[in-house]
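Asker: Have a look at the structure that comes next, please.
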Amino acid sequence: MKIVLATGNKGKLREFKQMCKDEVVGFTELLGEIEIIEDANSFKGNALIKARTIYEKLSKEYLVVSDDSGISVPLLGGEPDIYSARYAGVGATDKENLQKLINNIQAKGVERTPAYYTASIAIVSQHGEYVVHGWMHGEVITEAKGEKGFGYDPIFIPTGYQQTLGELDDEVKKGISHRAKALMLAKPIIEMLGRS
Ligand code: IMP
């Protein structure tokens with residue numbers, strides 16, 4: 001079965017490739033760069049937009065998997081949530097988004113506060129559409145630590161740990177992440193669709 005990931009995000013792609021035994025390819029390897037307008041108001045809606053857009057450009061034997069994800073900070077009314085990739089503006093880098101989140105938390109007068117990541121994974125094939133979700137809870141701090149992971153990982157400390165995901169081994173994140181949990185639910189669906 002040909003599994004295509006509807007993401008151009010290198011961090012996500014790396015994590016998916018580590019977690020999937022099947023051969024997975026990023027859509028850019030098949031289709032080049034494509035701009036996808038993610039204008040839904042939920043992770044689920046945006047995950048479906050990405051998977052449908054790529055599926056419609058490929059032939060029917062492909063199964064397309066997308067991930068829409070982000071971090072939410074209740075102290076900030078849930079921000080940045082679905083705007084995680086463009087928190088500091090469209091085209092902002094991971095570092096700029098991270099810095100904006102740090103600044104906004106500091107402006108509230110705290111050094112750490114609860115936060116959680118959400119991942120919605122959509123699966124689109126000729127047999128239909130499915131969406132599953134995973135979450136990872138923890139805290140965010142106002143000092144970036146470590147170079148591992150991507151995005152907001154240098155300020156995120158998962159519940160039960162003392163270090164940020166920027167400092168912890170990739171193996172740790174693989175066992176507890178929002179993406180890993182959603183993928184665990186997605187795998188049986190992908191296998192079922194592969195047999196259909
Ligand atoms: P998307 O590609 O539109 O789904 O945007 C996801 C954004 O959420 C990324 O650019 C990151 O800023 C953030 N994000 C999602 N998952 C993670 C993660 O596992 N670690 C760090 N940041 C993440």
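The values are calculated or read from the model by the stated rules, or taken from the named source; none is laboratory data. Since we're looking at a predicted model, the values are computed, not measured. Note that each Cβ is placed from the backbone with ideal geometry, even for glycine, and that neighbours are counted across all protein chains shown. All accessible areas refer to the heavy atoms of the entire protein, side chains included, with ligands and DNA or RNA removed. Shrake-Rupley method; radii C 1.70, N 1.55, O 1.52, S 1.80 Å.
Asker: Using the Karplus curve 6.51 cos²θ - 1.76 cosθ + 1.60 with θ = phi - 60°, what ³J(HN,Hα) values do you get for each residue of the range 88-104, in whole Hz, with x for Gly and Pro?
Answerer: Per-residue couplings from phi come out as 8, x, 4, x, 5, 7, 4, 5, 5, 5, 4, 5, 5, 5, 4, 4, 5 Hz.
Asker: Considering the options 117, 151, 104, tell which one lies farthest towards the positive end of the dipole of the range 87-159, charges being +1 on Lys and Arg and -1 on Asp and Glu at the Cβ, about the Cα centre.
Answerer: Positive-end residue among those listed: 104.
Asker: Given Cα pairs under 8 Å that are at least 6 residues apart, what percent is the relative contact order of the chain? Display every interim value, and only then the final one.
Answerer: Details: 369 pairs, mean separation 35.0, N = 196.
Once normalised by length, the contact order is 18 percent.
Asker: Please report, as a whole percent, how much of the solvent-accessible surface of the range 2-195 comes from carbon and sulfur atoms (probe radius 1.4 Å).
Answerer: Numbers: 4800 of 9700 Å².
After summing per-atom areas, the C and S share lands at 49 percent.
Asker: By how many nm would the segment from residue 37 to residue 17 lengthen if fully extended, with 0.36 nm per residue of separation less the alpha-carbon distance? Write down the numbers at each step before the final one.
Answerer: On the way: separation 20, 0.36 × 20 = 7.20 nm, distance 2.45 nm.
This chain segment gains 4.7 nm when fully extended.
Asker: Cross-link candidates for residue 2: which lysines have Cα within less than 28 Å, leaving aside residues fewer than 8 places away along the same chain?
Answerer: Output for residue 2: 10, 12, 17, 21, 44, 50, 57, 60, 173, 174, 181, 187.
Asker: How large is the charge dipole for the range 2-195, taken about the Cα centre, if only the Cβ atoms of Lys, Arg (+1) and Asp, Glu (-1) carry charge, to the nearest 20 debye?
Answerer: Dipole magnitude for the range 2-195 comes out near 320 debye.
Asker: Here is a further query. Amide H to amide H, which residues 5 or more places from residue 163 or on other chains are under 5 Å from it, using H placed in the peptide plane?
Answerer: Distant-sequence amide H within range of residue 163: zero hits.
Asker: Just want the answer: with Cβ charges of +1 for Lys and Arg and -1 for Asp and Glu, which residue in 93, 49, 72 is farthest toward the dipole's positive end in the range 2-195?
Answerer: 49
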